[in-house]
1. With respect to the cross-link table entries Lys94/Lys278; Lys149/Lys359; Lys310/Lys359; Lys29/Lys94; Lys29/Lys359; Lys38/Lys355, which display a Cα-Cα separation exceeding 23 Å?
2. How do Ile522, Ile342, Ile442 rank when sorted from fewest to most other Cβ atoms within 10 Å of their own Cβ?
3. Measuring from centroid to centroid over Cα atoms, what is the spacing of the stretch 290-366 and the stretch 69-85 in Å?
4. Relative to the present Cα-Cα distance, how much length would full extension add between Lys274 and Arg91 at 0.36 nm per residue of separation?
5. Quick one: if you stick a label point 7 Å off each Cα along the C-beta vector at Lys422 and Thr133, how many nm between them?
6. Please compute the modelled spin-label separation between Ser361 and Gln32, points set 7 Å along Cα→Cβ, answer in nm with one decimal.
7. Under 20 Å from a point placed 7 Å out from the Cα of Cys495 along the Cα-to-Cβ direction: which residues of the stretch 134-170 have their backbone N that close?
8. Using Cα positions and a limit of under 16 Å, work out the lysines in reach of Lys415, with same-chain residues fewer than 8 apart set aside.
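A short reminder: the numbers here are calculations on the coordinates, not readings from a lab. A quick note: this is a predicted structure, and the numbers were derived from the prediction, not measured. We place every Cβ from the backbone using ideal geometry, glycine too, and count neighbours over all the protein chains shown.
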Amino acid sequence: MEYQPLRPQAGLAAPTGTKGPSESLYWRKQFQSPVFLKEFAPVTCVSFVPPVSHLASAAVEEAPSAQSSSRSRFAVTTGTRMQIYSMRTSRVVKTIMRFKDVARSAHFRSDARLLVAGEDTGRVQVFDTNSRTILRSFNGHNLPVHVSKFSIDPTQILTASDDRSVRLWDMPAQAELRRFEGHSDYVRAATVSPDNPNLLFSGSYDTTVRLWDVRMAERGGEAMRMEHGAPVEDVLIYPTGGGGIALSAGGPVVRVWDMLSGGRCTHAISNHQKTITKLALSTDSGAGFTSESGCGGMRLLSGGLDHLVKVYDPAQDYRVTHTMRYPAPILSLAVSPDESHIVAGMADGTLCIRKRELKASEVERRDRRRAALRTGAYEHFFDGTSPAAHAPQRASVATRAEELSVESTRRKRLKEYDQLLKAFRYRDALDASLQHGVPAGITFALIMELIRRSPSGQADGLRRAISGRDDVTLEPLLRFLLRHATNPQYTSLVCDTLNMVIDTYASVLGQSPIIDDLFGRIWAKLSEEMRLQNQLFQVNGALEMILARSALGAASA
């Protein structure tokens, strides 16, 4: 989830007596005419396609399938099946029934191409949303899996099970990366920090919530432990930068934890009569919208077994601003990223869909602010304070809207490296892409294609292109890798290619002064880059703590 600052000014701009009616009108009038659908069994999970994180890889951000049509979906697990609904029509578009027991915790990856779900047998499966094919299957758990979700790193999956363990999996390798076993009872809730893929937050029936750090070796990776006081049903971390605020729900109480203060409980909210089963976050709702800030307020939603969904305003000490009543106990609850849908699943199999129409100005405003946040400019962390900063972007959007493009029907002539690749002459194709004047992106795209053309999974295509060279023909490749060794866009491909070169020529290394000198320069350059990155991480961590603390200070002022 993208960074969104706390904006208490929106909630404190008007007196309490004048804010209540407008807040109630927003939730009651705009989310009107709910649609009730009957499922086959209790609805255990509702999940929308999450927004693309600013930490996600470029491959995920630019995925062609991540269009508005494929992102306008949500998944529902009920009984032994998982169903994908269209947000536009509120109808089922796909049904996946490849489960041996009760399915739980469906979760989309941010590009909407993959979907992960667990089941009561302990198995976790990754599906292709288009073909419904099982792409990966993880069998490490031996009891029901109640949490399975993608990390903000799109290659990792977080799971939590009744076997009292929290696990992090590497999806490409289909292997377990890390296991956390500190809980002493069922683990029914876990999440990844929206700002740091190394931080995991879990809640258990042992009444504790724990913060895990993948980078820690001591204490089994447990960085922090807090006592909730009741079996924990759900956890949540605010997208406030640095993972500073976390929430846990257990019994009729929601607790707010300040992670930057060592896990201090800042609020304990109890407005339900029965157990709270699910938490949801509306990061930019129309409630509390002000023209000065150009944005809405953050709202927390909680659903419980008392048939109620409560809406809280964090800027006003979590005061309840609205209550929605449902016909059965709430088991699952979710708010769409564009704030247009609220979906609740109930114990009797009822699925309730509430939706509202989005105004064009609201969509444009959110897209503009999301694009501004991705640019990384510091002033955009405080959106609305510098309207002039958005003017050039608005102009460019308007210009693109007026442009017309006509698709050319002329057949393009293939480049030399494309012709050689088409003829399966991998070595010659790589040499052609290393010639002067060929953009680096083309060369790395060819290397990626060579890796992909490896049915055995051992990068045979790249191995064929690299092997059989002498020091003269190997030198251009090493100079190219040296030139781009510290380019973050190509780091993974540079490492894969260097590993392949070392594996192929390990027996003859040390016999050519030119090749040995190039390897030494690559080593020195990578060492210097690692030293620089360590320093930048330290500075970034300090800035995140300062920004989060200033935002929290403004919220409590």
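1. Lys94/Lys278; Lys149/Lys359; Lys310/Lys359; Lys29/Lys94
2. Listed from fewest to most nearby Cβ atoms, that is Ile442, Ile522, Ile342.
3. For the stretch 290-366 versus the stretch 69-85, the Cα centre distance is 19 Å.
4. This chain segment gains 62.7 nm when fully extended.
5. 2.5 nm
6. That separation, rounded to one decimal, is 2.0 nm.
7. 151-158, 168-170
8. In chain and number order, there are no partners.
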